1. Need the full-extension length gain, residue 104 to residue 65, defined as separation in residues times 0.36 nm minus the C-alpha distance. One decimal, nm.
2. For the range 2-61, please report how many Lys pairs fall under 28 Å Cα to Cα, leaving out neighbours fewer than 8 apart on the same chain.
3. Would you please give the FRET efficiency between residue 31 and residue 55, computed as 1/(1 + (r/R0)^6) with r the Cβ-Cβ distance and R0 = 30 Å, to the nearest 0.05?
4. Among residues other than residue 31 whose Cβ falls under 13 Å from its Cβ, what is the net charge (Lys/Arg +1, Asp/Glu -1)?
Amino acid sequence: DQELTMKIKKLSGVPLMYIIQNTMVLEKPSLKSIAQLCSLHDDQLVPVHQQQTIQHLKEEHGLVKESEPRHKKRKRKGGPNPLSCSKKKVKPAPPQPNKEKTRRSRKKRRRDASCVKAEATV
């Protein structure tokens, strides 16, 4: 019933439950219920008169921080991916025309006859 539902929502701390076919559905708490719960928790932790004295003492000692809206850090355009960039190629130095090309000779290494015999026996 719509009228009954509206009256129950106005009361704080009263749950509202429906039965739809074979399923029971519990509705979310109303705004009044949530507000009452928050005030109840605040009162349990620190009484109102103590909260006021704490606030007054903070103001006297300058501990109250004025909340400034925080600015989000802007994303700036980034550079290219360093892994995708190739390194600069080094140009080879031009050859010196003054020097003449010289062939180096390679020498063959000769083995002693005694070494060759020792390897063959082993």
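Every number here is computed from the coordinates shown, using simple stated rules; none is lab data. Small disclaimer: the values here were computed from a predicted structure and weren't measured. When we count neighbours, we look across all protein chains shown, and the Cβ atoms used for this are built from the backbone with ideal geometry, even at glycine.
1. Details: separation 39, 0.36 × 39 = 14.04 nm, distance 8.40 nm.
Fully extending the segment from residue 104 to residue 65 adds 5.6 nm.
2. Working: 7/28; 7/32; 9/28; 9/32; 10/28; 10/32.
Close lysine pairs found across the range 2-61: 6.
3. Numbers: r = 26 Å, r/R0 = 0.87.
Computed FRET efficiency for residue 31 and residue 55 comes out at 0.70.
4. Around residue 31, the charge tally is +3.
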